[in-house]
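Asker: Below you will find the structure I want to go over with you.
Every number here is computed from the coordinates shown, using simple stated rules; none is lab data. What you are looking at is a predicted structure, and each value in this text was computed from that prediction instead of being measured. As a convention, Cβ positions derive from the backbone with ideal geometry for all residues, glycine included, and neighbour counts pool all protein chains shown.
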Amino acid sequence: MKKILLFLLVSSTIWSQTPVQEESGTIDGAAFKIFIPDNWNKGLVMYAHGYAFMGSPLQSENPEFVKNMNVFLSQGYAVAASDYAYQGFALSQGVDDTEALRIYFIEKYGQPKQTIMAGHSMGGGITLATLENFGKNYQGGLALCPLSSRPYLQCRKEFDMYATFNGLFPNVITSLTDIFDLEKPYTAQDSRKMVSRAQEITKAIVTKDSLLGVAFANRFNLKFQDLPFSLFFNENVLRDLAQKAGGNPFDNTNTVYNGFPNDWEVNQKAERVAATVDANLLFEKYDRTGDINAPVVLMHTIYDQLIPLQYGVTNFENMVINKDKTEFLSVRYTKGQGHCQFTPEETQQALVSLLKWLETGEKPAPGAVE
């Protein structure tokens, strides 16, 4: 039986002075926020946030998070957002906690006239997974810079980056053996130290072979200056996955790497580790299928250092094509040069195109957002 604790029910004003009623609480250990604008049109946006390092402040308590909800509130939609029962990789948990919150919203505020699923990054993945598995409850979706590939493939990319980097640039970052050693205490890297740590990594790469460093970054669709930050972020992700899986869900003992200046050298030197747990323990539930039955606008930046276009657009597009569901997908892209680096105007344009699609039934043309 669900335990629901209500902490706050007040009237407040956010960002562009959109008057809202705000409710905070928890459902089965997952904190949530609900915002209802004074001009509520009886529509609802269920919002899913992205990946959060273990131990970091709750997303819904971040002023920027609250501010970003105004794109929906300004259109008259209520917004309900879960913080999920735990942080880190929480794609399947995010789906379940979002569904529990949607049911709670209906019980308290009534059935919305229209319900839209939306989210950024991992939350974009939660958006797609929700539409694939609970699509009957939604009229449409807005997936922003989403983890839209099969989650295993995205996380395996981070694993392979570490395996090959450790082979070419040994003793610069943590080994995979140490990351997946559960005998060692788990502590997420402090994000406040990201810049200083990235500087250390950059210095080590340049000292050894700057040209190889540039080529390595290119192999993983990265600008060289973003490589150290990506490595920092990925270590926290891999450590988190080790804890949640209870071991190593990846195995590269049979992998032959390519796309490097010297593939022979990379394969000879890459760190090799065998899986110790079944990857399905983490990635099977709500795995991506492409089986959508409601309109989805998917927006991505033209460059993304965390979720490259292959993992943010192409793989999902191919799954949708395979399911013969392209009538429900419109992909938009922006000039943005970083993960989820959309302007408020670009986000609003994507949302408005979805709302018009739902109103008229006419699919918006895919392509650039300018």
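Asker: Peptides 321-331, 297-307, 193-203: what's the order by average Cβ count within 10 Å, highest mean first?
Answerer: Top of the packing list down: 297-307, 321-331, 193-203.
Asker: What is the packing order of peptides 156-163, 88-95, taking the mean over residues of other C-beta atoms within 10 Å and listing the highest first?
Answerer: Sorting 156-163, 88-95 by mean packing, highest first, produces 88-95, 156-163.
Asker: Between L91, G125, Q111, whose Cα lies farthest towards the positive end of the dipole of segment 64-164 when Lys and Arg beta carbons carry +1 and Asp and Glu beta carbons carry -1, centred on the Cα centre?
Answerer: About the Cα centre, the residue reaching furthest to the positive side is Q111.
Asker: While we're looking at this one, here's another question. Report the antiparallel proportion of the DSSP beta bridges in the chain as a percent, rounded to a multiple of 5.
Answerer: So the antiparallel bridges in the chain amount to around 45 percent.
Asker: Mind giving me the FRET efficiency for L153 and N218? R0 is 30 Å, r the Cβ-Cβ distance, nearest 0.05 is fine. Numbers along the way, then the final one.
Answerer: Values: r = 20 Å, r/R0 = 0.65.
E(calc), rounded to 0.05, equals 0.95.
Asker: In addition: Order of 340-351, 205-216 by packing, highest average Cβ count within 10 Å first?
Answerer: Sorting 340-351, 205-216 by mean packing, highest first, produces 340-351, 205-216.
Asker: To the nearest 10 degrees, how steep is helix 151-168 against the longest Cα principal axis of the chain, on a 0 to 90 scale?
Answerer: 30
Asker: Pulled fully out, how much extra length does the chain show between L211 and N318, if you take 0.36 nm times their separation in residues and subtract their Cα-Cα distance?
Answerer: Separation in residues times 0.36 nm, less the Cα-Cα distance, equals 35.1 nm.
Asker: Is the shape of segment 177-280 best called rounded, prolate or oblate, per the rule: a/c under 1.5 gives rounded, else a/b larger than b/c gives prolate, else oblate, with a ≥ b ≥ c the square roots of the Cα gyration tensor eigenvalues? Kindly include the intermediate steps, with their values, before the conclusion.
Answerer: Numbers: a/c = 2.29, a/b = 1.19, b/c = 1.92.
Oblate shape, in that a/c is at least 1.5 and b/c is the bigger or equal ratio.
Asker: Next question, about the same structure. Would you mind calculating the gained length between Q21 and E271 on full extension (0.36 nm times residue separation, minus the Cα-Cα distance), in nm to one decimal?
Answerer: Result for the pair: 84.7 nm of gain on full extension.
Asker: Under Stokes-Einstein, with the Kirkwood radius over Cα pairs standing in for Rh, what whole-number D in µm²/s applies to segment 178-218 at 10 °C and 1.306 mPa s?
Answerer: 129
Asker: If you plug each phi of segment 202-213 into the Karplus form 6.51 cos²θ - 1.76 cosθ + 1.60 with θ = phi - 60°, what whole-Hz ³J(HN,Hα) values come out, in order, with x for Gly and Pro?
Answerer: 4, 4, 5, 5, 5, 5, 7, 5, 5, 5, 5, x
Asker: How charged is the neighbourhood of A279? Take every other residue with its Cβ under 11 Å from the Cβ of A279, and add Lys/Arg as +1 and Asp/Glu as -1.
Answerer: Values: positive: R150, R156; negative: D251, D278, E284, D287.
Net charge in that neighbourhood comes out at -2.
Asker: No other cysteine beta carbon under 4.7 Å away is the test; run it over the chain and list who passes.
Answerer: That list is C155.
Asker: Let me ask something else. Regarding the chain, what's the average projected area of the Cα-atom convex hull, expressed in nm²?
Answerer: Approximately 18.8 nm², given one-decimal rounding.
Asker: Let me ask you something else. Calculate for the chain the 222 nm mean residue ellipticity that helices alone would give, adding -39,500 (n - 2.57) per DSSP H run of length 4 or more and normalising by residue count, nearest 500 deg cm²/dmol.
Answerer: It comes out at -12000 deg cm²/dmol, rounded to the nearest 500.
Asker: Can you list the lysines whose alpha carbon sits under 20 Å from that of K193, skipping same-chain ones fewer than 8 residues off?
Answerer: Result set, ordered by chain and number: K203.
Asker: Sticking with this one: Run down the lysines and flag those whose C-alpha is under 18 Å from the C-alpha of K269, throwing out any fewer than 8 positions away in its chain.
Answerer: Of all the lysines, those that pass the test against K269 - Cα under 18 Å, at least 8 places apart if same chain - are K157, K208.
Asker: With each pseudo-label sitting 7 Å past Cα toward Cβ, what's the I106-A365 distance in nm, one decimal?
Answerer: In this crude label model, I106 to A365 measures out at 3.8 nm.
Asker: Using the Karplus curve 6.51 cos²θ - 1.76 cosθ + 1.60 with θ = phi - 60°, work out ³J(HN,Hα) for each residue of segment 112-119 in order, rounded to whole Hz, and write x for Gly and Pro.
Answerer: x, 6, 8, 10, 10, 9, 8, x
Asker: So for the chain, taking the charge dipole from beta-carbon charges (+1 Lys/Arg, -1 Asp/Glu), which of V195, C340, W264 sits furthest toward the positive end?
Answerer: C340
Asker: Among K42/K136; K335/K356; K244/K325; K33/K184; K323/K356, which pairs are too far apart, with a Cα-Cα distance over 27 Å?
Answerer: As for pairs spanning more than 27 Å Cα to Cα, those are K244/K325; K33/K184.
Asker: Could you calculate the contour length gain from Y86 to E61, that is, 0.36 nm times the residue separation minus the distance between their Cα atoms, to one decimal place in nm?
Answerer: Fully extending the segment from Y86 to E61 adds 7.5 nm.
Asker: What's the center-to-center distance, using Cα atoms, between segment 293-370 and segment 145-214 in Å?
Answerer: So the separation of the two Cα centres works out to 29 Å.
Asker: OK, next. Neighbouring Cβ atoms within 10 Å as the yardstick, rank F72, F220 fewest first.
Answerer: Ordered by Cβ neighbours within 10 Å, fewest first: F220, F72.
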